[in-house]
Amino acid sequence: MKKLFSIFVLLSLSICKLAAQQAAPPDPCTTAQQKQLDFWVGEWDLTWPGAKEGQISHGTNSIKRVLDGCVVQESFSAGTSGHLRGTSVSIFDGASGKWKQTWVDNEGGYLDFTGGLADGQMFFQREASRPDGTKTLQRMIWKNVTANELDWSWESSVDGGKTWQVQWPIHYKRKS
């Protein structure tokens, strides 16, 4: 009887453990979508058109995964080309099925975006208000992505996204 009871207890514990494992939700940091920004992770040298015709500005961006790989953290510096310094954190939100990013900088800027992968390009977008109260759409696009280079652009639209104007194109080249 004692042996039978011991077998019953072990069987019950095994069933409970198996049920708990099956009921546990998947780790949100291991989904396929969570890897969509991996192309951006690394140390980058940046170039973009300067303020004067023919001038090239330079900066850097350091992108890494933090918080157990769940969050993509950006540290941008305009270097000697300007005073702008900023950081962003991005995460894939499984509940909404969208990426979310928050940007803050040394000019008091706070921007929040949602986005994802569309037409082979990563994008984050937001709606903003101009000082005169009119609405504008703003977005970031990552394109022409290779292992060691990519193009990023800051774009805006005043017609609800029918047309977009590039405000700030940046070329990324991975540091060697």
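Each residue in the range 46-57 was checked for being surrounded by 15 or more Cβ atoms within 10 Å (Cβ to Cβ) and without any contact (Cβ under 8 Å) to a residue 40 or more places away in the chain, and 1 of them qualify. One residue stands out among those in the range 78-95 that are open to solvent by 50 Å² or more (accessible area, probe 1.4 Å) and β-branched (Val, Ile, Thr): the one that is farthest from residue 56 (Cα to Cα), which is 91. From the list 142, 103, 99, the lone residue that is in contact (Cβ under 8 Å) with a residue 60 or more places away in the chain, part of a strand (DSSP E or B) and touching a Ser or Thr at 6+ places or on another chain (Cβ under 8 Å) is 99.
Restricting the search to the range 68-94, which residues are under 14 Å from residue 116 (Cβ atoms) and not acidic (Asp, Glu)? Residues satisfying the conditions are 72, 90, 91, 92, 94. Considering only residues in the range 30-78 that are over 21 Å from residue 99 (Cβ atoms), part of a loop (DSSP other than H, G, I, E, B) and in contact with a strand residue (DSSP E or B) (Cβ under 6 Å, 6 or more places away or on another chain), the one that is modelled with the lowest pLDDT turns out to be 50.
Return yes or no: is residue 151 of a type in the set (D, E, K, R), loosely packed, with under 12 Cβ neighbours inside 10 Å and either out of contact with any strand residue (DSSP E or B) (no Cβ under 9 Å at 6 or more places or on another chain) or within 18 Å of residue 62 (Cα to Cα) (or both)? No: the conditions fail for residue 151.
Is it the case that residue 136 is in a strand (DSSP E or B), farther than 18 Å from residue 78 by Cα, open to solvent by less than 40 Å² (accessible area, probe 1.4 Å) and of a type in the set (Ser, Thr, Tyr)? For residue 136, the condition - in a strand (DSSP E or B), farther than 18 Å from residue 78 by Cα, open to solvent by less than 40 Å² (accessible area, probe 1.4 Å) and of a type in the set (Ser, Thr, Tyr) - is met.
The values are calculated or read from the model by the stated rules, or taken from the named source; none is laboratory data. Bear in mind that the values here come from a model prediction, so they are computed numbers and not experimental data. Ideal geometry is used to build each Cβ from the backbone, glycine not excepted, and the neighbour counts take in all protein chains shown. Surface accessibility is based on the protein's heavy atoms, side chains included, excluding ligands, DNA and RNA. Shrake-Rupley method; radii C 1.70, N 1.55, O 1.52, S 1.80 Å.
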